[in-house]
Every structure is written in C-alpha cells, then in structure tokens.
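> The structure that follows is given in the form of structure tokens.
The values are calculated or read from the model by the stated rules, or taken from the named source; none is laboratory data. Note that the structure is a prediction, hence the values are computed from the model and not measured. Every residue, glycine as well, gets a Cβ built from its backbone with ideal geometry; the counts of neighbours run over all protein chains shown. Areas reflect the complete protein model, heavy atoms only, side chains present, ligands, DNA and RNA absent. Shrake-Rupley method; radii C 1.70, N 1.55, O 1.52, S 1.80 Å.
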Amino acid sequence: MKKIKYNQVRKVQPTHVEYSGLHKNIETDLQLFVYDETQADEFLYKKDIESLTAHVDFKKNNWLNLHGLNEPDIIKQIGDYFSLESFIVNDIINTSRRNLLDEVDDLIFISIKSILPTKNNHDNIQVEQISFVLKENTLLSFQERKGDFFTHIRERIRTNVGIIRKKKTDYLLYLMLDAVMENFFITIDTKEDIIEELLLESKINSSPIILEQIEKHREDLNFIKRSIIPLKDALLTIKSVENENHLVSSQNRSYFSRLHQKCLELLDQIEFDMNSLESASSFFFSAQNHRLNEIMKTLTIVASIFIPLTFIVGIYGMNFENMPELKYKNAYFVTLGVMFIICILMVYYFKKKKWF
C-alpha cells in the first residue's frame with residue numbers, strides 16, 4: 001500500500017496538470033454510454049476525443065468513463081469540452097489529495113479513494129483514486145486503471161435491467177459510489193479474517209513479528225478510516241442540502257442517505273476491529289509479562305533453595321582449626337544428607353504454598 005502524506009501534497013498551479021499516481025504506463029481508454037429508457041448506445045475510443053464527444057447527446061443520459069490518468073492532455077480536452085474548471089481537472093489527476101466534494105456552478109465534483117485487498121497478498125491493500133463529475137444529464141468518471149468495479153452497472157445499462165435507464169445520472173452516480181463502498185466492505189471483511197488469526201496467534205506465539213503485524217493492520221485500518229470519513233461528510237452534504245442546480249433529485253436523495261448509513265456501518269466495523277487489534281496487542285504484552293514473571297519465579301525459587309545450602313557451605317568452608325565436625329568420620333555424608341533434606345523440605349513448602 002502506498003502511504004499518502006496529505007501534509008506534503010505538491011503545490012501545483014491550477015493551470016498545470018500533472019498525474020501524481022503510480023500507474024504511469026497505462027494507456028488512456030475512453031468509454032461512452034448514451035442511453036435513455038428506450039435505447040442505449042456504447043462507444044469505445046483510445047484518444048480520439050473529437051469522435052467520442054460527437055456522440056454526446058445532452059437530451060439523453062451520458063456516462064463517459066476514462067481509464068488511465070497518465071495522459072493529462074486528453075483529460076484537459078475533456079475538461080474543456082464539458083466546461084470543467086482547471087482546478088477540477090488538476091484534482092482529477094493529482095492522486096495525492098484526500099477525498100473531497102465540491103459544488104461548482106452547475107456540477108458536483110467528487111474524488112474518493114477506492115480500496116481493495118491485493119490479489120496475491122491479502123495482507124496488503126491497493127488504493128486507487130476515482131473521480132466523478134456530475135452535470136445535467138452527464139456523469140464523468142475517471143479511474144487510474146481498468147477494473148471490474150462497474151461491470152455490473154454497464155451490464156444493467158446494456159440489458160436494461162432494473163431502473164437505471166429510467167433514472168437520471170444522479171442515480172448512476174449512486175450506483176457507482178455504492179460499488180466503490182462495496183470494495184470497502186470486502187477489504188474490511190478480509191482484514192477481519194486476518195485479525196481473528198492474529199488474536200489466536202498472539203495467545204500462542206511470543207514472536208515480535210506478531211506485534212509488527214498488529215501495528216501494520218492498525219495502520220491500514222487508520223488509512224481506510226481516513227478515506228471513509230470525508231466520503232461520509234460528502235454524502236451527508238448530498239443527502240441533506242438541497243442543491244441549487246438540482247443535480248440530485250429529491251426522489252433519489254434517499255439512495256445517498258443509504259450510502260451515508262453504510263459509511264457509518266463501515267466506521268463502526270473499523271472501530272470494532274481497532275479495538276480487537278488493541279486487545280491483541282494488550283494480550284501480547286500481558287503474555288510476555290506473564291512469561292517473564294514465570295521465569296523470574298522459577299529463578300527465585302531455585303535461588304531460595306540454594307541460599308541455606310550456600311550458608312552451610314560457607315560455614316564449613318572457613319579455615320578454622322578447632323571445628324569439631326571436621327574430625328567426624330562421616331561428617332561429609334551427614335552434611336550432604338542435611339543439605340538434601342533441606343532441599344526436600346523447601347520444595348515441599350513451596351509446593352504446599354502453590355508457588356509453582
């Protein structure tokens with residue numbers, strides 16, 4: 001996962017357009033859907049903006065989806081055709097910025113982070129910025145790379161399944177945001193499976209690697225949380241405030257209210273998982289302290305047993321001439337016997353007190 005440092009975002013001039021992401025080798029693909037309740041047309045192009053925009057019909061619903069942000073000139077041409085402000089074009093390409101929502105004149109701009117676990121290693125997560133521009137009868141979406149986030153939406157448009165072709169583009173925006181949020185649920189569910197394993201592992205494994213994994217997943221959850229909170233605020237704005245341009249109809253505002261509720265559910269799940277990781281971390285340290293106490297108790301018992309034996313050895317190790325015990329024939333064996341009896345009695349006493 002790439003860690004995004006919001007306090008170190010490059011200061012780019014509004015007139016300067018530069019892609020700041022990782023997927024710099026992906027060619028730009030354009031896909032346009034022009035549809036209404038009776039008909040849906042689909043157009044695919046690489047870089048021919050003029051041919052693509054010639055099919056735009058503002059009397060119908062238009063969905064222009066772009067994959068690949070590493071060719072800023074193409075995105076700038078799209079911005080010019082749809083009258084987008086230069087700072088919006090810059091925010092589409094600059095992936096270092098946090099999630100945001102802007103209402104500018106006759107459009108709504110939303111930029112969010114989509115998060116999924118990596119295919120080969122579910123311990124890591126992959127982050128992609130997706131931006132949306134909602135205008136009258138038009139929705140523009142910009143993705144860093146190709147993915148299957150919106151495949152089911154395309155199929156609904158092609159086959160006229162559901163109510164998508166009966167609704168305006170604000171409903172299409174709802175479906176796309178809902179698809180992105182499903183990725184959050186998938187990621188968190190995957191994280192929860194890993195967290196459960198960590199909870200079990202922390203009880204039986206004293207390796208410091210466990211603590212490193214706990215901290216790593218805590219950082220991932222914090223990153224996901226920072227991605228969801230701005231989205232939650234944006235959805236709250238959409239569902240609560242009457243748009244002056246009426247881009248989101250009152251009939252469809254309830255759909256965005258559902259998305260806002262999903263954000264709250266995600267944040268609750270993250271909070272629960274964070275508490276679980278905190279419990280795993282606390283249990284790990286408690287287990288370490290318990291093991292250390294057990295070791296210290298064992299060493300203390302051994303040292304306590306040898307204290308009286310050392311005292312006896314110290315007495316009879318003194319070089320005095322008048323020590324009558326030294327003249328006894330069996331003094332050596334008697335002393336060993338006394339020392340052995342002392343050991344047995346002390347072990348019995350410690351056992352009776354349940355000190356080990």
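> Using a 1.4 Å probe and counting only protein heavy atoms, arrange TYR328, TYR349, TYR171 so the residue with the most accessible area comes first. Write down the numbers at each step before the final one.
Numbers: TYR328 145, TYR349 110, TYR171 20 Å².
Per-residue accessible area, sorted high to low, gives TYR328, TYR349, TYR171.
> Measuring from label point to label point, each 7 Å out along Cα→Cβ, what is the THR300 to LYS216 span in nm?
In this crude spin-label approximation the distance works out to 3.8 nm.
> Hey, what number do you get for the chain at 222 nm if only DSSP H runs of n ≥ 4 count, each worth -39500 (n - 2.57), divided across all residues, to the nearest 500? Please list the in-between numbers first.
Values: 8 runs with 187 residues, N = 356.
Result for the chain, helices only: -18500 deg cm²/dmol.
> Using a Gaussian network for the chain with springs between C-alpha atoms less than 10 Å apart, which of these wobbles most: ILE75, ILE344, ILE238?
Ranking ILE75, ILE344, ILE238 by mean-square fluctuation puts ILE344 first.
> Can you figure out the FRET efficiency of ASP57 with GLU196, using R₀ = 51 Å and their beta-carbon distance, to the nearest 0.05?
Once rounded, the FRET efficiency stands at 0.50.
> Given springs between every Cα pair under 10 Å in a Gaussian network model of the chain, which of SER304, SER114, SER207 has the largest fluctuation?
Comparing SER304, SER114, SER207 in a Gaussian network model of the chain, the most mobile one is SER304.
> For LYS24 and GLN261, calculate 0.36 nm times their separation in residues minus their Cα-Cα distance, and state this gained length in nm to one decimal. Could the numbers behind the result be given before it?
Numbers: separation 237, 0.36 × 237 = 85.32 nm, distance 3.53 nm.
In short, 81.8 nm is gained.
> For the chain, taking Cα atoms only, what is the radius of gyration to one decimal and the Dmax to the nearest whole Å?
When restricted to the Cα atoms of the chain, Rg and Dmax are 34.6, 122 Å.
> Counting other C-beta atoms within 10 Å, and keeping those with at most 14, which DSSP coil trypsin sites (Lys or Arg not before Pro) do you find in the range 268-356?
Values: sites: ARG291, LYS297, LYS327, LYS329, LYS351, LYS352, LYS353, LYS354; in loops: LYS329, LYS353, LYS354.
Taking the range 268-356 and a limit of 14 other Cβ atoms within 10 Å, the loop trypsin sites (Lys or Arg not before Pro) found are LYS329, LYS353, LYS354.
> Taking a ≥ b ≥ c as the square roots of the eigenvalues of the Cα gyration tensor of the range 131-170, is the shape rounded (a/c under 1.5), prolate (a/b larger than b/c) or oblate?
Values: a/c = 3.39, a/b = 1.15, b/c = 2.96.
Verdict is oblate for the range 131-170.
> Right, here's the next one. Note down the net charge around GLN251, summing +1 for each Lys or Arg and -1 for each Asp or Glu among other residues with Cβ under 10 Å from its Cβ.
With Lys, Arg at +1 and Asp, Glu at -1, the net is +2.
> Taking loop as defined by DSSP and a crowding limit of 16 other beta carbons within 10 Å, which chymotrypsin sites (Phe, Trp or Tyr not before Pro) in the range 242-323 fit?
Working: sites: TYR255, PHE256, PHE272, PHE283, PHE284, PHE285, PHE306, PHE311, TYR316, PHE320; in loops: PHE320.
Of the chymotrypsin sites (Phe, Trp or Tyr not before Pro), the ones in loops of the range 242-323 whose Cβ has at most 16 other Cβ atoms within 10 Å are PHE320.
> For the chain, find the longest principal axis of its Cα atoms and tell me its angle to the long axis of helix 208-240, 0 to 90°, nearest 10.
Helix 208-240 sits at roughly 30 degrees to that axis.
> Mind telling me which of ILE110, ILE214, ILE341 comes out most flexible in a GNM of the chain, alpha-carbon contacts under 10 Å?
Greatest mean-square fluctuation among the candidates belongs to ILE341.
> Simple spin-label model, 7 Å along Cα-to-Cβ: ASP73 to ASP178 in nm?
With each label placed 7 Å out from Cα toward Cβ, I get 4.0 nm.
> Quick check: the angle from helix 253-316's long axis to the longest principal axis of the chain, C-alpha only, nearest 10 degrees?
Helix 253-316 sits at roughly 10 degrees to that axis.
> Suppose R0 equals 51 Å; then what is the FRET efficiency for ASN160 and ASN293 from their Cβ-Cβ distance, rounded to the nearest 0.05? Could you put the intermediate results ahead of the total?
On the way: r = 69 Å, r/R0 = 1.36.
It comes out at approximately 0.15.
> Okay, moving on. Which FRET efficiency, nearest 0.05, do ILE209 and ASP105 yield, Cβ-Cβ r, R0 41 Å? Don't jump to the answer; show the numbers that get you there.
Numbers: r = 54 Å, r/R0 = 1.31.
Efficiency, from the Cβ-Cβ distance: 0.15.
> Let me ask something additional. What is the range 89-227's relative contact order, in percent, from Cα pairs under 8 angstrom and six or more apart in sequence? Intermediate values should be presented prior to the final figure.
On the way: 153 pairs, mean separation 28.3, N = 139.
The value is 20 percent.
> On a 0 to 90° scale, report how tilted helix 331-352 is relative to the longest principal axis of the chain, with both axes built from alpha carbons and the result rounded to the nearest 10.
40
> Continuing with this model, one more query. Please calculate how many Å² of accessible area the range 178-244 carries per residue, with a 1.4 Å probe and no DNA, RNA or ligand atoms counted. Display every interim value, and only then the final one.
On the way: 3140 Å² over 67 residues.
Heavy-atom SASA per residue in the range 178-244 reads 47 Å².
> Please work out the Cα center distance from the range 39-71 to the range 250-309, rounded to the nearest Å.
Cα centroid of the range 39-71 versus Cα centroid of the range 250-309: 51 Å apart.
> Separation between the PHE333 and VAL313 pseudo-spin-labels, each 7 Å from Cα along Cα→Cβ, expressed in nm?
Roughly 2.2 nm, to one decimal.
> Taking a ≥ b ≥ c as the square roots of the eigenvalues of the Cα gyration tensor of the range 37-127, is the shape rounded (a/c under 1.5), prolate (a/b larger than b/c) or oblate? Please list the in-between numbers first.
Values: a/c = 1.82, a/b = 1.44, b/c = 1.26.
Since a/c reaches 1.5 and a/b is larger than b/c, the shape of the range 37-127 is classed as prolate.
> Something else now. State the percentage of accessible surface on the chain attributable to carbon and sulfur atoms; use a 1.4 Å probe and exclude ligands, DNA and RNA.
Exposed carbon and sulfur together represent 55 percent of the surface.
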